1. Could you give the length gained on full extension between residue 122 and residue 80, defined as 0.36 nm per residue of separation minus the Cα-Cα distance, in nm?
2. If you build a Gaussian network model of the chain, linking Cα atoms that sit under 10 Å apart, which residue out of 79, 118, 57 swings the most?
3. Springs between alpha-carbon atoms under 10 Å, Gaussian network over the chain: tell me which of 223, 66, 44 tops the mean-square fluctuations.
4. Would you mind checking the radius of gyration and Dmax of the chain based on alpha-carbon positions, in Å?
5. Evaluate the relative contact order of the chain (contact order divided by residue number), counting alpha-carbon pairs under 8 angstrom at least 6 apart; express in whole percent.
6. To the nearest whole percent, what portion of all C-alpha pairs in region 93-205 is separated by more than 20 angstrom?
7. Just from its helices, what would the mean residue ellipticity at 222 nm be for the chain, if runs of 4 or more DSSP H residues each count -39500 (n - 2.57) and the sum is divided by every residue, rounded to the nearest 500 deg cm²/dmol?
8. So for region 44-123, what are the equivalent ellipsoid semi-axes in whole Å, largest first, each being the square root of 5 times an eigenvalue of the Cα gyration tensor?
């Protein structure tokens, strides 16, 4: 399968390795859509999962059935050693990591005064600290190559808050500071770091809190974004060489 990064190369040119992406939380929902989009563009795709091996296997099988290269990687992103092992395993398999999409996350539901400290810690450890571990592990490879991109899936809740989601909103807000700091530190090494708000999608994680159409009044278009369009944007952002430290809102809510 051809890829955008290979366009214009003549048959006599030296072979160019297929670019490689690792998508955390790639077994389902938004992560799975992103995996499939990269695969269709000719990328080697690392499908990360923590517990849902069957879902991850199905995503990798879909990629392979269409002539692509997909491989699953298991890790608990809350554990720095497991993240390091995952990134090393991908590097050993394919020899490079061009893009990491930090999509894995955990939702929360509960009013602030009723939230137990262990519930708070579980969300922060997964969404914020887990992404920190992923950035460190991927960054080591990318900085050594002086090229690469990290795309972090944050949330609109991180800038506006949402009733019943204090830990989730706090973790997603923290990601914005992490992304902007990493972008400043890594920019002179040509490693780009960006964040995005993917909007509402009816996935396993969000279905309990998914608003009905009548409650999308804060969307200028009155609808949530298309999942495939989100995946196409992530792939396009991965190819952009001059964008870093930015936060992209992908639905019609206006800040």
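1. Details: separation 42, 0.36 × 42 = 15.12 nm, distance 1.51 nm.
Full extension from residue 122 to residue 80 adds 13.6 nm.
2. Fluctuation is largest for 118.
3. Judging by the Gaussian network model, the answer is 66.
4. Every Cα atom of the chain included, Rg and Dmax give 17.9, 66 Å.
5. Details: 472 pairs, mean separation 44.7, N = 255.
About 18 percent, as a whole number.
6. Working: 2691 of 6328 pairs.
The answer is 43 percent, as a whole percent.
7. Numbers: 8 runs with 102 residues, N = 255.
Per the formula, -12500 deg cm²/dmol.
8. Numbers: eigenvalues 183, 49, 19 Å².
For region 44-123, the ellipsoid semi-axes come out as 30, 16, 10 Å.
All of the numbers you see were taken from the coordinates with simple rules; none came from a lab. All values derive from a computational prediction rather than experimental measurement. All Cβ positions, glycine included, derive from the backbone under ideal geometry; neighbour counts span all protein chains shown.
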